[in-house]
Amino acid sequence: MIANQSSHVAPIDYQIHEAQGSIRVGDVLSAEMAPYRSADGKPTKLVDSIFSTIPGSPAYVAKASHHQVNLPEFDFVWEYSGKNAIQGAFRFEGAGLPWLALGDTATAILTSSRCSGW
């Protein structure tokens, strides 16, 4: 049962490559991260691991200098700093998303819902 549903229109700025960079979704979410590095300076990554949600895609291991979420209407309000983070490849697909290009600033309709009665 869906108890509460809300939509937000917000710009998405995604500037993360190999776990280095930032993401911002309007005033709802912001985060910055930097990868852990191997002895030779390459970003640390996990391959063929349960931490990579996309088969064949590496999961880059990082530390988030900050991570903030602000959706008080769903009790999703938090802010962390210095926590571990993992970045992996993703792609939005489907009808209604032709405007989204990864790595570019795009406008998205974010739909959030809280379910009760589980």
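Which far-off residues, 5 or more places away or on another chain, put their amide H under 5 Å from the one on SER65, with H placed in the peptide plane?
GLU32, MET33, ALA34, GLY82
Just to be sure I understand the model, the point goes 7 Å from the Cα along the line to the Cβ. What's the resulting GLU79 to ALA10 distance in nm?
1.5 nm
Under 15 Å from the 7 Å Cα→Cβ point of GLN20, by amide nitrogen: which residues of region 55-71?
60-63
Quick one: which residues, 5+ away or cross-chain, put their amide H under 5 Å from the amide H of LEU46? H built at 1.01 Å from N.
It is ALA59, TYR60, VAL61, by chain and number.
Output ³J(HN,Hα) for region 76-83: one whole-Hz value per residue in order, computed from phi by the Karplus curve 6.51 cos²θ - 1.76 cosθ + 1.60 with θ = phi - 60°, and x for Gly and Pro.
Taking θ as phi minus 60°, the curve returns 9, 9, 7, 8, 10, 9, x, 9 Hz for region 76-83.
So what are the ³J(HN,Hα) numbers for region 13-25, from phi and the Karplus equation (6.51, -1.76, 1.60; θ = phi - 60°), rounded to whole Hz, Gly and Pro as x?
Going residue by residue, I get 10, 10, 10, 10, 9, 6, 6, 10, x, 9, 9, 9, 10 Hz, with x marking Gly and Pro.
Taken together, the values in this text are just the output of simple stated rules run on the coordinates, not laboratory data. Quick caveat, the model's predicted, so the values are computed rather than measured. Virtual Cβ from ideal backbone geometry, glycine too; neighbours counted across all protein chains shown.
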